[in-house]
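**Student:** One structure, as structure tokens, below. Some questions next.
The values are calculated or read from the model by the stated rules, or taken from the named source; none is laboratory data. Keep in mind it's a predicted model, so treat the numbers as computed, not measured. Glycine also receives a Cβ, built like all others from the backbone with ideal geometry; neighbour counts cover every protein chain displayed. The accessibility values were calculated without ligands, DNA or RNA, using every heavy atom of the protein model including side chains. Shrake-Rupley method; radii C 1.70, N 1.55, O 1.52, S 1.80 Å.
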Amino acid sequence: MIVLKSDYFSSHERLTRFINENHIKREDILAITQAPSFFTIFFYADDAVEEVTHGLFS
């Protein structure tokens, strides 16, 4: 089942690596937000698939 997922990253380099390593398609990215110390990505993905790269709190 396709669900909405999110993760947090301390830098845009980690966020970019996450997107590339997990082959997240542009059309599956709902939003990327930036706060003073981290980036957040909201994306659609299969809930049965575990992401390769993890974010700040993994």
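**Student:** What number of residues within the stretch 27-44 satisfy the criterion of being over 19 Å from MET1 (Cα atoms) and open to solvent by 100 Å² or more (accessible area, probe 1.4 Å)?
**Tutor:** So the count comes out to 2.
**Student:** Let me ask something else about it. Are any of the residues in the stretch 15-25 open to solvent by 40 Å² or more (accessible area, probe 1.4 Å), of a type in the set (Lys, Arg) and on the phi < 0 side of the Ramachandran plot?
**Tutor:** Scanning the stretch 15-25, I find at least one residue that is open to solvent by 40 Å² or more (accessible area, probe 1.4 Å), of a type in the set (Lys, Arg) and on the phi < 0 side of the Ramachandran plot, so the answer is yes.
**Student:** Related question: Among the residues of the stretch 2-14 satisfying the criterion of being in contact (Cβ under 8 Å) with a residue 40 or more places away in the chain and not small (Gly, Ala, Ser), which is least open to solvent (accessible area, probe 1.4 Å)?
**Tutor:** PHE9
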